[in-house]
Structure formats: structure tokens, C-alpha cells
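Enquirer: This is the structure, below, for whatever I ask next.
The values are calculated or read from the model by the stated rules, or taken from the named source; none is laboratory data. Bear in mind that the values here come from a model prediction, so they are computed numbers and not experimental data. As a convention, Cβ positions derive from the backbone with ideal geometry for all residues, glycine included, and neighbour counts pool all protein chains shown. Surface areas here come from the heavy atoms of the whole protein model, side chains and all, with no ligands, DNA or RNA. Shrake-Rupley method; radii C 1.70, N 1.55, O 1.52, S 1.80 Å.
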Amino acid sequence: MTSSPVLSVKNLSKSYTSGDRTLTVLSHVTFALQEAATCAVVGPSGSGKTTLLGLCAGLDRPSTGSVAVNGIELDHLNEDERAKVRNEQVGFVFQNFQLMPTLTALENVMVPLELRRESRIKARAADMLQRVGLEKRLQHYPAQLSGGEQQRVALARAFINRPKILFADEPTGNLDAETSERIVHLLFDLNREARTTLVLVTHNVELAQKTQRIIRLKGGVVMADEPTNNKYTEKMFAEAI
């Protein structure tokens, strides 16, 4: 028997109205992802990639269609209920890290556990930072860390709750090639261990090829949705630019 998908997106559309003009950013997007699946969303700037991620994560509401995360329909939940789903089911990694500048690395990773009022939060956060190689940087603030170290803190924070699904928006976009490679290895290692479903937005063809599936958007419409194949992926990226 096939288990229910961790992410189910049905007929998802998002439009914005200004005066008598309507701008459609996403149009009738449908797909589903099972546990531990990995998927890249690619496409040119303005194609709707980040909007799709925000809708899937419950950060915004669609104009039409529905999103379910781990079987929980987001459509009719209020903001507090949606925030609870995000804290319990979802992890995030962003291009610009989005760490709290007044908190240490350890405190940043502790935040999701504090929101859930869990126990042993300091020890668990320290263990997670050790897992990403930052055991000597626990008391450093984001401004005292390199870009790669900040992204490792962000990864530790994202995985501390063992989320069912992780959304990553250009996770290597602000990093040099060598640092990016280390972050990618760490991201996929942590993801594999936790059996987290991964959805990432990227312009990096090599990163997209590490996922099992690639969805290409153009003008808010799904132009292709295929299992990853190196030759096909290169063609897809050429068409996406």
C-alpha cells in the first residue's frame, strides 16, 4: 500500500490584483512528494519558484487550489494553526541564512525547540552543531561566522526538529564553489539520515542533478516534471534560462 504523500499540491494558483489589473504568478500547479523524496524546482527569475515554496510551506495563501503537509490541509487553518504546522512539520534553509543576529549559534539552533517547549534543548542543539562541525563555535554570533558557517548553523536549526519536509531556497546562492560543495554534501547527508522530504529552489544544475526529480517553471506554469537525468537536466536548464 502506498503511503500518503508528505506534500500534496493540487491545482495551485496565486494571483495579485492591483486596480483593474491582475498578475498571475502561479497557475494550476499540481504535484505530490512522498517521504524522503528529493525535488528541485528550477526556472528563470520571475517564474514563480519562491512563490511556490512559500505556498507549500504555508507562509502564504493560494488564490485557488490546496496544499497538504503530512496529511494536514493548510487551506482552512488560521495563522496560529499554520505556524504550529510549520514548527512541527517543516524546516527552512534560505540563501541569506536568516539567523537572528543577537543570538549565538547555539541559541539560534535552540529556538525551534524552545517554541515547542521541549526538554534538554541546550544539549540537543549543541549535539546538532557538533554534527555540522561547529562544536567550537557555539558561542559565536552570526557576524563572527563565515558564510559557510552561518549556513551550517541554519542547517542545524532546520534539522533540529527532524521535520517531515525541508524547503531550501537557493541554499548555496551566497557561497563560493568550495563552500557550496561542503554545504550540499551536508544537506543531503542530514536529509538522508532523517528521511526528510526535500524541496529546493536552485539555479545550480549540479545541485538540481543530485535530486530525484526536477520541476521546471516558466511564467508560473509547470513546463516539465521529470525524474532527474543528466542529459535531460542540462537541456532543461538551457531552456529555463
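Enquirer: State all residues of segment 137-157 that are open to solvent by less than 10 Å² (accessible area, probe 1.4 Å) and of a type in the set (A, V, I, L, M, F, W, C); if no residue qualifies, say none.
Expert: Within segment 137-157, V153, A154, L155, A156 qualify.
Enquirer: Let me ask you something else. Checking the conditions here, which among K136, K218, K164 is more than 29 Å from N11 (Cα to Cα), basic (K, R) and at pLDDT 90 or above?
Expert: K136
Enquirer: Within segment 169-190, is even one residue closer than 21 Å to L59 by Cβ and assigned to a strand (DSSP E or B)?
Expert: yes
Enquirer: What tally of residues in segment 60-71 results from selecting those that are part of a strand (DSSP E or B) and under 20 Å from L166 (Cα atoms)?
Expert: The number of residues fulfilling the criteria is 4.
Enquirer: Scan segment 163-189 for residues that are of a type in the set (A, V, I, L, M), open to solvent by 10 Å² or more (accessible area, probe 1.4 Å) and in contact (Cβ under 8 Å) with a residue 40 or more places away in the chain and jot them down.
Expert: Result: L186, single match.
Enquirer: Consider D75 against the criteria (1) at positive phi; (2) in contact with a Ser or Thr (Cβ under 9 Å, 6 or more places away or on another chain): it satisfies all of them except one. Which criterion is unmet?
Expert: (1)
Enquirer: Considering only segment 202-215, I want to know if a residue exists there that is surrounded by 14 or more Cβ atoms within 10 Å (Cβ to Cβ), part of a loop (DSSP other than H, G, I, E, B) and modelled with pLDDT under 90.
Expert: Looking for residues that are surrounded by 14 or more Cβ atoms within 10 Å (Cβ to Cβ), part of a loop (DSSP other than H, G, I, E, B) and modelled with pLDDT under 90, one finds at least one in segment 202-215, hence yes.
Enquirer: Just give me the residues in segment 70-80 being open to solvent by less than 80 Å² (accessible area, probe 1.4 Å), out of contact with any strand residue (DSSP E or B) (no Cβ under 7 Å at 6 or more places or on another chain) and free of Cβ contacts under 8 Å to residues at least 40 places away in the same chain, in sequence order.
Expert: I72, L77, N78
Enquirer: Taking S18 as the residue in question, decide whether it is open to solvent by 80 Å² or more (accessible area, probe 1.4 Å), polar (S, T, N, Q) and more than 26 Å from N229 (Cα to Cα).
Expert: Against the criterion (open to solvent by 80 Å² or more (accessible area, probe 1.4 Å), polar (S, T, N, Q) and more than 26 Å from N229 (Cα to Cα)), S18 qualifies.
Enquirer: Now for a different question. Within segment 99-123, restricting attention to residues that are among the charged types (D, E, K, R) and within 22 Å of the chain's Cα centre (by Cα), which residue is nearest to V184 (Cα to Cα)?
Expert: Going through the qualifying residues, I end up with E107.
Enquirer: Looking only at segment 42-59, count how many residues are open to solvent by less than 10 Å² (accessible area, probe 1.4 Å), of a type in the set (A, V, I, L, M, F, W, C) and closer than 13 Å to L166 by Cα.
Expert: 2
Enquirer: Need the failing condition index for L134 against (1) in a loop (DSSP other than H, G, I, E, B); (2) open to solvent by 50 Å² or more (accessible area, probe 1.4 Å), just the number.
Expert: (2)
Enquirer: Does V67 satisfy the condition of being open to solvent by less than 60 Å² (accessible area, probe 1.4 Å), touching a residue at least 60 places away in the same chain (Cβ under 8 Å) and within 21 Å of L33 (Cα to Cα)?
Expert: The answer is yes for V67.
Enquirer: For segment 118-125, check the following and say yes or no: at least one residue is under 22 Å from P171 (Cβ atoms), surrounded by fewer than 17 Cβ atoms within 10 Å (Cβ to Cβ) and of a type in the set (D, E).
Expert: no
Enquirer: Quick check on segment 83-102. Is at least one of its residues touching a helix residue (DSSP H, G or I) at 6+ places or on another chain (Cβ under 8 Å), free of Cβ contacts under 8 Å to residues at least 60 places away in the same chain, among the charged types (D, E, K, R) and open to solvent by 70 Å² or more (accessible area, probe 1.4 Å)?
Expert: No: segment 83-102 contains no residue that is touching a helix residue (DSSP H, G or I) at 6+ places or on another chain (Cβ under 8 Å), free of Cβ contacts under 8 Å to residues at least 60 places away in the same chain, among the charged types (D, E, K, R) and open to solvent by 70 Å² or more (accessible area, probe 1.4 Å).
Enquirer: Among the residues of segment 21-41, which ones are in contact with a Ser or Thr (Cβ under 8 Å, 6 or more places away or on another chain) and open to solvent by 30 Å² or more (accessible area, probe 1.4 Å)?
Expert: Of everything in segment 21-41, those that are in contact with a Ser or Thr (Cβ under 8 Å, 6 or more places away or on another chain) and open to solvent by 30 Å² or more (accessible area, probe 1.4 Å) turn out to be T22, L23, T24, S27, H28, A32, Q34, E35.
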